[in-house]
Each structure stands twice: as C-alpha cells, then as structure tokens.
1. Before we move on, is A:Ile77 within 11 Å of chain B (Cβ to nearest Cβ) and over 16 Å from the mean Cα position of the chain (by Cα)?
2. Among the candidates B:Ile157, B:Ile88, which residue alone is open to solvent by 60 Å² or more (accessible area, probe 1.4 Å) and either farther than 22 Å from A:Ile138 by Cα or facing chain A (nearest Cβ under 10 Å) (or both)?
3. When you scan segment A:108-125, do you find a residue that is at pLDDT 95 or above, farther than 30 Å from B:Lys110 by Cβ, among the β-branched types (Val, Ile, Thr) and out of contact with any strand residue (DSSP E or B) (no Cβ under 8 Å at 6 or more places or on another chain), even just one?
4. Just to be sure, is A:Glu109 acidic (Asp, Glu) and either under 30 Å from B:Lys164 (Cα atoms) or in contact with a helix residue (DSSP H, G or I) (Cβ under 9 Å, 6 or more places away or on another chain) (or both)?
5. Does any residue in segment A:108-127 that is more than 9 Å from every other protein chain (Cβ to nearest Cβ) come within less than 7 Å, Cβ to Cβ, of a residue that is open to solvent by less than 30 Å² (accessible area, probe 1.4 Å) and of a type in the set (D, E, K, R) six or more places away or on a different chain, and which pairs are these?
6. Report the residue count in segment B:23-50 for those that are facing chain A (nearest Cβ under 10 Å) and either small (Gly, Ala, Ser) or part of a helix (DSSP H, G or I) (or both).
7. Mind checking which residues of segment B:123-136 are assigned to a helix (DSSP H, G or I), surrounded by 19 or more Cβ atoms within 10 Å (Cβ to Cβ) and more than 7 Å from every other protein chain (Cβ to nearest Cβ)?
8. Can you tell me which residue in segment B:160-170 is farthest from the other protein chains (Cβ to nearest Cβ), limited to those that are more than 20 Å from B:Val86 (Cα to Cα) and either in a helix (DSSP H, G or I) or basic (Lys, Arg) (or both)?
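The values are calculated or read from the model by the stated rules, or taken from the named source; none is laboratory data. Computed from a prediction, not measured in an experiment: that's the story for all the values here. Here the Cβ positions follow ideal geometry from the backbone for every residue, glycine too, while neighbour counts run over all protein chains shown. Heads up: the accessible areas ignore ligands, DNA and RNA and are worked out on the full protein's heavy atoms, side chains in. Shrake-Rupley method; radii C 1.70, N 1.55, O 1.52, S 1.80 Å.
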Amino acid sequence: MKLSYQNVRKAGLKTRRSFTKVIPILLGVFLLVSLLKVAVPKEFYAKVFSGIPLIDSFIGAVLGSISAGHPLTSYIIGGELLDHGVSLIAVTAFLLTWVTVGIIQLPAESSILGKKFAIARNIISFVSAIVIAILVVIIISLI
Amino acid sequence: MIKIKNKEIPNGIIFFLLVIFVYLGFLFINPSLISESFEVFFDLLIKIAPVLIFVFALMFGFNLFIKPKTVQKYLGQERGFTGWLVSIVGGIISMGAIYMWYPLLADLRKKGMSDAFIVAFLYNRSIKLPLLPFLVYYFGFNFTVILTVLMILFSIINGFLVDKIINKKS
C-alpha cells in the first residue's frame, strides 16, 4: 500500500465524513441517556428485567433486535443498563442482536439475498445471541 | 432522510434536534431535571472523549490501509478453510452500511460463493475493530476478547446452520 498524500487525504476525508455523521447521533444519545439516568429510577429496570438469566437474555435480545443504529449507541445504552443493575447476560444479548439481527434491513436482505436466507439468518442470529450471552457470562465467571 | 429546499438533512441531525426538543419540553416542566442531566451529560462526555479520539484515529488507519476493493477481490474466490478465513477476515475489516454489501454478495453467490460463507461474512461485520476500545471501556478487556472470539466461532456455526436450512431438499 503506497502512502501518498492523496491516499492520506482520502482517508482523512472519509474519517471526517464518519465523524460528522456519528457525532450528532452520539451527542443525542448521551443527552438522552443522561436525561433517562436522572428521570428514570433504577427500580424501573428491575421491573422490565425479571432477574431470571434466561428470560432477561431473551428480553435483551428482543430489545436489541428491534433497535437499529450505530453500534456505539448500543455500547452506551448497554453500559448504562449494566450500571442500573441489569444483568450482563441481558446486556450481552442486547449488544449482539443490535448488530447481528436486522429487522429494519430485513426487506432489503430478503429482496436481494432471498426471503428464506434472510429469515433463517436472522432467527439463527437471534438464538445464537442468547447462547453467546450465556457462554460469555459462564466463561467470565470461571476466569 | 428529510429534504428541505432540495437539501437532505441527515438522520443523525434530525435525531439530535428531536432530543433538543425533548430537553426544551422538560425545561418548562422540570428545569432542575435538565440541569441535573446536563451535569451527567458533561461528566459522560469528559469520560468518553479520549476513547472517542482513539476510535477515530483507528478509523483513519483503517480507511488508509483497507480498501473495499481488496475485500471484494478475495471474497467468494476461495473454498474450504481459506474460504472461511477470507469470509471472516473480510467481514471484520469491511466498512460501510451492511445493505451496501448485499448486491455484491448476491452476485458472488451466483458465481459460486456458498451461503455459509455469506452468513459468516455478514456475522463478522458485527465485529468493529475500530470500536473495540469503546467496548473495552464499557465492559472490560476480558469481556471484549471472549465476546469477539465467540462471535467468530458462532459465525461459522451459523453459516453451517443457515446453509443446511436453505439448501435442504424439500
């Protein structure tokens, strides 16, 4: 790979484009998370999440599946959920389905790669998110 | 995207403006809530800023050294172990929105790329190398490593499963 001025400039412009695209989203998410942190009591999260690992991972996976956006947003929300006492298993499932299950992209994926392919891939990604979440927590507890 | 006078307003800006409206609404209902949340906001921003700078430096490096054409060149060309490796690494280093890759993958499938490799590629796109510092910041180093390794392993398992389901003789 040749490191010319043009290549550096091109990479710089591309990064600037990503930066200007992501920054308003990040600032918006930070503002929203800050507001929720102050306005919503921690007990609320305990009501949404049951405390039963398998059910919580399912709830987390559903929330992640219906959400969309930059992965950074899911990290911030996941971090805050963890901070509010939501289990790691639920947060991991949430992070995973946020990036691997695409309900919003499903029509595009179906029309280009096939309906059967898109549905099978998304269902398997959903189930594997729960399995991975369980495995992550087990492995971390063993370390 | 919303268009005003033929100029497209990015979704990110619209989202940001909506949040500002929410803040303005709360400013009239409960001003103390807003001042408290601004404190939390600035605290969060100060903590995140160094990680964010690092993330964009990594993004710059990736934009400089990895070109989509390089990924496209090798994708769908290999079989067996090398095929898996190319799909996994290709997925990890590929950039841009996921739907931009669908037409290319559909084209490669016609040329012989298996569904299993397509699934592996799409699954590994979820691993964002430049964003890993953020994951480490929020969830720790061990979590990040374990999650990343498991995601790579499951991309292969999922690939096999989807391939079996899709190509099952009815």
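1. Details: within 11 Å of chain B (Cβ to nearest Cβ): yes; over 16 Å from the mean Cα position of the chain (by Cα): no.
Answer is no for this residue.
2. Working: B:Ile88 fails: open to solvent by 60 Å² or more (accessible area, probe 1.4 Å).
Result: B:Ile157 is the single residue among B:Ile157, B:Ile88 that is open to solvent by 60 Å² or more (accessible area, probe 1.4 Å) and either farther than 22 Å from A:Ile138 by Cα or facing chain A (nearest Cβ under 10 Å) (or both).
3. Within segment A:108-125 (the criterion being at pLDDT 95 or above, farther than 30 Å from B:Lys110 by Cβ, among the β-branched types (Val, Ile, Thr) and out of contact with any strand residue (DSSP E or B) (no Cβ under 8 Å at 6 or more places or on another chain)), the answer is no, since none of the residues qualifies.
4. Values: acidic (Asp, Glu): yes; either under 30 Å from B:Lys164 (Cα atoms) or in contact with a helix residue (DSSP H, G or I) (Cβ under 9 Å, 6 or more places away or on another chain) (or both): yes.
Against the criterion (acidic (Asp, Glu) and either under 30 Å from B:Lys164 (Cα atoms) or in contact with a helix residue (DSSP H, G or I) (Cβ under 9 Å, 6 or more places away or on another chain) (or both)), A:Glu109 qualifies.
5. What qualifies is A:Ala118/A:Glu109.
6. Taking segment B:23-50 first, the residues facing chain A (nearest Cβ under 10 Å) are B:23, B:26, B:30, B:32-45, B:48.
Checking which are either small (Gly, Ala, Ser) or part of a helix (DSSP H, G or I) (or both) leaves us with B:23, B:26, B:32-45, B:48.
So the answer is 17.
7. Within segment B:123-136, B:Asn124, B:Pro130 qualify.
8. Going residue by residue through segment B:160-170, those that are more than 20 Å from B:Val86 (Cα to Cα) are B:164-170.
Now drop any that are not either in a helix (DSSP H, G or I) or basic (Lys, Arg) (or both), which leaves B:164-166, B:168-169.
Details: B:Lys164: 9, B:Ile165: 5, B:Ile166: 6, B:Lys168: 10, B:Lys169: 13 Å.
Once the filter is applied, the top-ranked residue is B:Lys169.
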